[in-house]
Every structure is written in structure tokens, then in C-alpha cells.
Amino acid sequence: MDLSTTLGRTGLPVFRLGLTGAYWPGEAALRAGIDAGMNYIFWYYWDRQMTRVLHEVLPANREKFVIATGVSNLGNWAVRRGIESCRRRLRTDYLDVFHIFWVGEGKLKSETLDLLRRYKEEGKIRQIAISTHVRRYAGELIRQGVLDVVMCRYNAAHRGAEQEIFPYLPLSEPGVVSYTATRWGRLLRAPRGWSGQVPTAGECYRFVLSNPNVHVCLTAPRNARELEENLAAVAKGPLPPDAIEFMRPFGDFVHRRWW
């Protein structure tokens, strides 16, 4: 599998496995991921480990990294405060991908989009993004062409993006970032009533990245070993067709048991 691609119309070169420190894997693990080429960094304001690592690597290599962050969908005051505080916290002039999180259907106000566009014109953010579980609404925003990047849940158990988001991508070509490839670990163990095989975390990531519509799949390792295993797995390339056909019914079974 080619582990580098371009993040949709943004033109940004990215490693297809994105890195986040949500489960506090340790600074050594985060540095190892960056050393392996992982340059799409999903950063949380409260993540002190990742913050310290970024303070080390950004000054000399800022253009090599795609820093993604954002704020909850609480209005323009949250956008203003979030952009300025994140820039200060990271000691950077700009944020590459800025999300509005938890966007519900019809809830992204036009004045918020206007504010994001002004920040983009000023160079304080480079790409406008949302994260949402409401896939139909994401599809509508993609049709309108107002998003540079869309982040959505996509895994073997949650494949609705295949009908409600991916078909519309050619209309405006936003970058696509997916998360929870293992469905918060539910895809890594057999639910009650399942007697067949169970996928590994690596197979879950490979399933997601086998879909060419996904540019980046986020991983949140708990330690260096998990990170190494995930990197080694995706380096094997896309899942073969028989493995994909196994993952789909298993994902359906998991979805029915643990929605």
C-alpha cells in the first residue's frame, strides 16, 4: 500500500495513517510515529505529551506537518477563542486543518462558515473542516463545496459513508479523514453469538485504507508496541478481497450487537 497521498483538493501531502495521542502513548511513541513518516497530526488542546513533541519538531519542519484540531460547534466565540488559543499553545502561525466538531444536521451556521473563511484568508487556518456523525448532512455540505476536509466515522461496522458521503466526493473533492477504525475496540473481540475469526487492529486499519475514498485513517495507540504493529500492518497493503468480504459481515454482526 502506498502510504502517502494527497489530502483531496487541499494539495497537502499526507501519510495515510494519521497520529493522535488521545490515549497517552508516551512521547517516545509519538516521536517514533513521526520518525516513521506520520505527518497528519490530530492534536487535542489538553494533550501535553503531543504538545511537547510538536514544540520540538515544528520549528524546523513546520511545512512537513499537517496539524489538525478544532472546537465544538458552539458558535463564533468558540471559533475565535479556539483558533487563537491553539496557535499560541502550539507556537505556530497557522493551523492546517481546523474542524468544527459535533456538527448536527442543519446546524453549521452560515456566519460560522464566513468567519472560518476570513481566518483562512488571513492565513491563520489553511483548510476548513467538520467532524460529524450526521453523514447525510456531510454529504450536503460536500455537494455545496464549502468543506476542504471532512472527518467521519468509517469502519467495518459503520459503513454508511459508502452511500451518504463517498458518492458525492467528486463534486468538490474534499479530503477525507476517518476515525475509530476498530470501533473503540469492539471490532477486536467476538460479540456474543459469534463463533468465527476476529480481526486484528491492523486488519481494521487496512480495511479502512483499502477504500480509496479515505485519505487518512487516524490511529490512537496506547503504547509504542501498538503503534509499531499498526504501521507494520498497513505497510502490507490493502486487504485482499476475501478478507474484506469477511470484515463486512463481521462488522454487521458487531453493529447489531453493539450499535
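Only the coordinates and a few stated rules stand behind these numbers; no lab work does. Just so it is clear, the structure is predicted and the values come from calculations on it, not from any experiment. Ideal geometry is used to build each Cβ from the backbone, glycine not excepted, and the neighbour counts take in all protein chains shown.
Observations
- Matching option when the condition is in contact (Cβ under 8 Å) with a residue 24 or more places away in the chain, touching a Leu at 6+ places or on another chain (Cβ under 9 Å) and more than 15 Å from VAL177 (Cα to Cα), among LEU95, LEU115, LEU108: LEU108
- Within the range 129-141, if we keep just the residues that are in contact with a helix residue (DSSP H, G or I) (Cβ under 8 Å, 6 or more places away or on another chain) and surrounded by fewer than 23 Cβ atoms within 10 Å (Cβ to Cβ), the residue that is farthest from VAL97 (Cα to Cα) turns out to be ARG136.
- The lone exception for ASN61 - which of (1) within 18 Å of LEU19 (Cβ to Cβ); (2) within 21 Å of the chain's Cα centre (by Cα) it fails: (2)
- The condition of being in contact (Cβ under 8 Å) with a residue 12 or more places away in the chain and either part of a loop (DSSP other than H, G, I, E, B) or touching a strand residue (DSSP E or B) at 6+ places or on another chain (Cβ under 7 Å) (or both) holds for only one of VAL53, VAL57, VAL71, that being VAL71.
- Contact map, the range 245-258: first residue closer than 12 Å to GLY193 by Cα, second residue in a helix (DSSP H, G or I), Cβ cut-off under 7 Å, separation 6 or more or different chains; pairs are VAL254/ARG186; VAL254/LEU187.
- Residue selected from the range 171-200 under the condition assigned to a helix (DSSP H, G or I) and in contact (Cβ under 8 Å) with a residue 40 or more places away in the chain, by the criterion surrounded by the most Cβ atoms within 10 Å (Cβ to Cβ): LEU187
- Residues that are touching a His at 6+ places or on another chain (Cβ under 8 Å) and closer than 13 Å to GLU226 by Cβ, drawn from the range 1-49: none
- Among (1) in contact (Cβ under 8 Å) with a residue 12 or more places away in the chain; (2) within 26 Å of VAL150 (Cα to Cα); (3) of a type outside the set (S, T, N, Q); (4) surrounded by fewer than 21 Cβ atoms within 10 Å (Cβ to Cβ) - the single one ALA224 does not satisfy: (2)
- Single unsatisfied condition, ARG81 versus (1) more than 19 Å from the chain's Cα centre (by Cα); (2) touching a residue at least 24 places away in the same chain (Cβ under 8 Å): (2)
- Residue in the range 144-160 that is more than 16 Å from the chain's Cα centre (by Cα) and not in a loop (DSSP other than H, G, I, E, B) present: yes
- On inspection, VAL79 passes the criterion of being in a helix (DSSP H, G or I) and either under 19 Å from LEU147 (Cα atoms) or among the hydroxyl-bearing types (Ser, Thr, Tyr) (or both).
- Condition broken by ASN230, with the remaining ones in (1) buried (at least 18 other Cβ atoms within 10 Å of the Cβ); (2) assigned to a loop (DSSP other than H, G, I, E, B); (3) among the polar types (S, T, N, Q) satisfied: (2)
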